[in-house]
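The values are calculated or read from the model by the stated rules, or taken from the named source; none is laboratory data. Given the structure is predicted, the values throughout are model-derived calculations rather than measurements. Counting neighbours? That spans all protein chains shown, and the Cβs are built from the backbone with ideal geometry, glycine included. The area values use the complete protein model at the heavy-atom level, side chains included, leaving out ligands, DNA and RNA. Shrake-Rupley method; radii C 1.70, N 1.55, O 1.52, S 1.80 Å.
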Amino acid sequence: MSSTIDARLSRRLRHRSRSGAVAVVLLALAVALAWLALESALQALGLRALLVAPADAVATLNAADPWAIIVAGAAGAAGIVLIALALAPGRRPRHAVPDDRMAVVIDDVVLAGALKRSVGSEVAVRPDRVRSSVGRRRAEVTVIPTSGVSVDRERATAAASALLEALSPKPAVRPRVTISTEGMVGS
Amino acid sequence: MTRSNRFVNRLLLLLVGLASLAAGAWLALRTEPLASRSPIALPDIPQFSTTGWWIVAASALAAAVLATAWAVTRGRGRVDAVVRTPDLTISARVAADLLEPALLAQPDVAAVRTRVFRVRGRRAIEVRVATRPGAALPPVIETARRAVAVLDAALELTTPVALHVTPATFGGDAGVRRVD
């Protein structure tokens, strides 16, 4: 990652933008405020309220009756959800790959697929007999060998490590290869 | 990838969240039995006069308009040109035509989508490469690198590029390819 713009592009691809959440929150807020504006205007004009007259709503909330408690609970819960959304890291399951010219970001699913292929071809096991998953710092690869044929775990690990070294994803991913004890008949 | 400022997005969520939590807490603290144990008596929500309600109506309307205006401007930033100056425009199509054929020639690549975004005042190319299951990644990245070098040479400038490698989970072109 050569420049700050590349670092920024990479970061933007690896984290959620929250644009959707912000738009939803703002539109909900806009609807509530528009309703409040309308009811307040009706109240000021002395006309009948659309749903609830603001003066009555204020009286209900001041009276601390069950409605006030329900509103308090809902507001509190919404507040906690929004604060969590604002402060959570919002990482997407993706890794950055260092490059001099551009920002490279790979979905973890794709990385898992590449590991599956690498390990499978190294130990001569069909790709659908290799399971793999990539987390933030660890990749799990499970090889299900053909019954009666042993699989060299060292070689499988070396293949996974070689691929991860060639790509050197950030944050670094360490492979863990498991050879399943239950083989499968035929191949 | 969009233009909207992500820090501002977070800040807005945080402020609305804190306001909502505070309002909820304020209402809850005024109910029994919490209110009788509270060291401070929280005031009632005031009842307004006619003028007061007009002020509430006007400020709520203004805030609603502002919130809507902000909401509809989230997530934009896509543009149709890599370069746009008074005397030169290079269409995003040019970048796509220079980058996509080389990538699509790779057997592991199912689809490529090239888009240009404005990020912090600069134009950046996002190349999304959808790969088939079990794609070998180093050749795909190497091909992209070479394609970008061709692009740089053709445009005679270095435009920021983001390469995003995704799984091809859509369309009929994403079939499993046996690796022998």
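So here's what we get for this one:
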| quantity | calculated |
| --- | --- |
| Residue within region A:168-181 that is free of Cβ contacts under 8 Å to residues at least 60 places away in the same chain, in a loop (DSSP other than H, G, I, E, B) and open to solvent by 60 Å² or more (accessible area, probe 1.4 Å) present | yes |
| One residue from A:Arg138, A:Arg117, A:Arg129 being more than 14 Å from chain B (Cβ to nearest Cβ) and without any contact (Cβ under 8 Å) to a residue 60 or more places away in the chain | A:Arg138 |
| Condition met for B:Ala168 (closer than 21 Å to A:Val97 by Cα, of a type in the set (Gly, Ala, Ser) and in contact (Cβ under 8 Å) with a residue 60 or more places away in the chain) | no |
| Region A:18-57, subset free of Cβ contacts under 8 Å to residues at least 12 places away in the same chain and outside any helix (DSSP H, G or I), residue surrounded by the most Cβ atoms within 10 Å (Cβ to Cβ) | A:Ala49 |
| Close pairs (7 angstrom Cβ cut-off, 6 or more residues apart or separate chains): facing chain A (nearest Cβ under 10 Å) and free of Cβ contacts under 8 Å to residues at least 24 places away in the same chain in region B:135-161, assigned to a helix (DSSP H, G or I) and open to solvent by 30 Å² or more (accessible area, probe 1.4 Å) anywhere | B:Pro138/A:Ala166; B:Thr158/B:Asp152 |
| Set B:Gly52, B:Gly17: member being open to solvent by less than 70 Å² (accessible area, probe 1.4 Å), modelled with pLDDT of 70 or more, touching a helix residue (DSSP H, G or I) at 6+ places or on another chain (Cβ under 9 Å) and more than 7 Å from every other protein chain (Cβ to nearest Cβ) | B:Gly52 |
| Pairs where the first residue, in region B:104-117, is farther than 17 Å from B:Thr166 by Cβ and the second is in a strand (DSSP E or B) and aromatic (Phe, Trp, Tyr), C-beta under 8 Å, 6+ apart | none |
| Residue in region A:128-138 that is open to solvent by less than 20 Å² (accessible area, probe 1.4 Å) and within 22 Å of the chain's Cα centre (by Cα) present | no |
| Residue within region A:75-85 that is in contact (Cβ under 8 Å) with a residue 12 or more places away in the chain and either surrounded by 14 or more Cβ atoms within 10 Å (Cβ to Cβ) or on the phi < 0 side of the Ramachandran plot (or both) present | yes |
| Region B:55-70, residues that are of a type in the set (Val, Ile, Thr) and either closer than 20 Å to B:Thr158 by Cβ or open to solvent by 80 Å² or more (accessible area, probe 1.4 Å) (or both) | B:Ile55, B:Val65 |
| Residue under evaluation A:Leu163, criteria (1) more than 20 Å from B:Val165 (Cβ to Cβ); (2) in contact with a helix residue (DSSP H, G or I) (Cβ under 9 Å, 6 or more places away or on another chain), criterion not met | (1) |
| Exclusive hit being more than 8 Å from chain B (Cβ to nearest Cβ) and in contact (Cβ under 8 Å) with a residue 24 or more places away in the chain, set A:Arg11, A:Arg92 | A:Arg92 |
| Members of region B:99-133 that are within 12 Å of chain A (Cβ to nearest Cβ), assigned to a loop (DSSP other than H, G, I, E, B) and in contact with a Ser or Thr (Cβ under 8 Å, 6 or more places away or on another chain) | B:Asp108 |
| For B:Ala124: the one exception among (1) farther than 29 Å from B:Leu13 by Cβ; (2) crowded, with 18+ Cβ neighbours inside 10 Å | (1) |
| Some residue of region B:71-85 being more than 10 Å from chain A (Cβ to nearest Cβ), surrounded by fewer than 19 Cβ atoms within 10 Å (Cβ to Cβ), closer than 26 Å to A:Pro169 by Cα and touching a residue at least 12 places away in the same chain (Cβ under 8 Å) | no |
| Selected residue (criterion: farthest from A:Ala72 (Cα to Cα)) from residues of region A:46-58 that are among the aliphatic types (A, V, I, L, M) and within 43 Å of the chain's Cα centre (by Cα) | A:Leu50 |
| Qualifying residue in region B:148-163 (condition: open to solvent by less than 10 Å² (accessible area, probe 1.4 Å) and either among the hydroxyl-bearing types (Ser, Thr, Tyr) or modelled with pLDDT under 90 (or both)) | yes |
